[in-house]
Structures are given as structure tokens and as C-alpha cells.
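Right, I'll just put the structure down here and ask away after.
Bear in mind that the values in this text are calculations on the coordinates, not laboratory data. Source: prediction; values computed, not measured. No Cβ is skipped: glycine too gets one built from the backbone with ideal geometry, and neighbour counts run over all protein chains shown.
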Amino acid sequence: MNLQQFRYLHEIVKRELNISDAAKALYTSQPGLSTQIKSLEEELGIEIFVRNGKRLTAITEPGKAVLEIAQRMLHDADNLKQVGQEFRSQDSGSLTIATTHTQARYALPPVVKQFIGRYPKVKLSLHQGSPTQIAQQVLNGEADIAIATESLIMYNELTTLPCYEWHHCIVVPAEHPLLAEKKLTLKKLLNIPSLLTISHLAGEARLTPPSMHTISLLTSYSPLLMRT
């Protein structure tokens, strides 16, 4: 088996099991591609695809396992090439950052400006999405790092590094009764129905009473996510 066979396998799945389209995308012949996949199956002793005549109709269960490993190996091979390129020319290359709207709109513009000024040969790309989307982009190799305000503790495959601390605050009208309080606590906020938050963007600390959402007053931090 070799990486070329894995590339053929990946492209076939990417083209929805259409061998003809995969062959065109890879600039090879359809018979040659089919032969390589068949050779891989024989070497592994399994069938990767379900066939109906010459057509591929589905991926077998062992085929799914092979595909997952093959894609990981292809990704690692690309990373090896990138390492070599970066060490040959450390002031050039590309950097893809996945981030949320808040970071892209408010926190990153001055940082991006400084980065471009310091590394003009580096192609910097920003991908915007929800916290779960940007974490998935790092896992899929679509982004090098991700920056989000939320704590994404459910992704064990990612390493989380704190960038900076921030604090939640409450904004109320001038005549609001909360202004008479000397010290605010979460308990005192439970009876204020106008305090809202989006539950999946609230970070680690949040309360969710049956009839309302409330906001957290605890210190949080902006994590930098990288694939381990």
C-alpha cells in the first residue's frame, strides 16, 4: 500500500463514489484508478466498497475504518511537507485562523494588522464560524488554530491555551432597581426576566432556570485552540 492509493480512495469518496469523476480530478485513467483500489483491497484482505457490477454503491464497514486512517495519514503527510516548507522559509507560507464573529470583528483586526506588517510574505486567512464549527475546522485540518471566547472543553483532541481574561457585565437603564444593589450575585439576578444569554455561547459558568436564562458574572478567558 502507498499514499497514492490513499489519495485515490479519498478522492473517490469525495466524488460520491463516482470513479470517472475521481479519475478526472486526479488526472489518471478510470481503469488505472480501479486497479489501484482493487490492489489495496487485496493487500488488506477486505472489500472497501460495495459494488454493483462496475459501479461503487456504498462503503463497507471495514472500508470506513480504512478511509479514516487513510485520511489521517494524508493529513500527516501534508503536515510533513508544510514543516519542511516552513523551515526552508520561515518568513513566508500560510496561516489559517478559525474564529468567532466577536474575535474577528473586535479583537483580531489590530493583531492582524501587526502580523501582516511583520510577516508580509505570509498568507493569512480568517475563517468565521460558531465555536463548534471552528473547533471542527482545526480537527479537520482546515485551520491551523482557532480563537474563541467560549471554553470548548468537550474537544479532547484539542489543546486549549488562554489568550486573555475578560469579564461579563450587566447593562441596565439609569432607573433600574439593580443599581441600588451594593453587590450583585447570581441569586439576585434570578428574578430579573430581562437578562438573557444564548446558552451555547455562555462559556462554562451559566445558570438556566426553567423559565429564563441568566448571565454569568464569573471571570472567563478567550481560548486558543490547537490540534494535539
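What is the order of Ile134, Ile192, Ile19, fewest Cβ neighbours within 10 Å to most?
Details: Ile134 26, Ile192 16, Ile19 20.
Lowest to highest Cβ neighbour count: Ile192, Ile19, Ile134.
For an R0 of 41 angstrom, estimate the FRET efficiency from the Cβ-Cβ distance between Thr57 and Asn2 and round to the nearest 0.05. Intermediate results must be reported in sequence, preceding the final value.
Numbers: r = 26 Å, r/R0 = 0.63.
After rounding, the FRET efficiency stands at 0.95.
Could you list the residues of segment 22-59 with an amide nitrogen less than 15 Å from a label point located 7 Å from the Cα of Lys81 in the Cα-to-C-beta direction?
Inside the label zone: 26-27.
Residue separation times 0.36 nm, minus the C-alpha to C-alpha distance between Asn156 and Val111: what's the value?
Numbers: separation 45, 0.36 × 45 = 16.20 nm, distance 2.78 nm.
Gain in length upon complete extension: 13.4 nm.
Determine the shape class of segment 30-132: with a ≥ b ≥ c the square roots of the Cα gyration tensor eigenvalues, call it rounded for a/c under 1.5, and otherwise prolate if a/b is greater than b/c, oblate otherwise. Please report the intermediate quantities before stating the final value.
Details: a/c = 3.83, a/b = 2.20, b/c = 1.74.
Prolate shape, in that a/c is at least 1.5 and a/b is the bigger ratio.
Sequence gap of 8 or more, or different chains, plus Cα separation below 25 Å: how many lysine pairs satisfy both in segment 1-148?
Close lysine pairs under the 25 Å cut-off: 16.
Take the Cα atoms of segment 98-143, build their convex hull, and give its volume per residue in Å³.
Working: hull volume 2.8 nm³, N = 46.
Looking at segment 98-143, the number lands at 61 Å³ per residue.
A further question on this structure: What is the fewest-to-most order of Phe6, Phe115 by other Cβ atoms lying within 10 Å of their Cβ? List each step's numbers first, then the result.
Working: Phe6 21, Phe115 15.
So the ranking, lowest neighbour count to highest, is Phe115, Phe6.
How do Asp144, Asp78 rank when sorted from fewest to most other Cβ atoms within 10 Å of their own Cβ? Please report the intermediate quantities before stating the final value.
Working: Asp144 16, Asp78 11.
Fewest-to-most Cβ neighbours within 10 Å comes out as Asp78, Asp144.
Can you list the trypsin sites (Lys or Arg not before Pro) in segment 8-83 that are in a DSSP coil and have 15 or fewer other beta carbons within 10 angstrom? Walk me through the numbers before you get to the answer.
Numbers: sites: Lys14, Arg15, Lys24, Lys38, Arg51, Lys54, Arg55, Lys64, Arg72, Lys81; in loops: Arg15, Lys54.
Here the sparse-neighbourhood loop sites are Lys54.
If you average the alpha carbon positions of segment 169-187 and of segment 1-58, how far apart do those two centres end up, in angstrom?
So the separation of the two Cα centres works out to 64 Å.
To continue, here is another question. Starting from the Cα coordinates of segment 3-86, work out the convex hull volume and express it per residue in Å³.
Values: hull volume 7.8 nm³, N = 84.
Once divided by residue count, the hull of segment 3-86 is 93 Å³.
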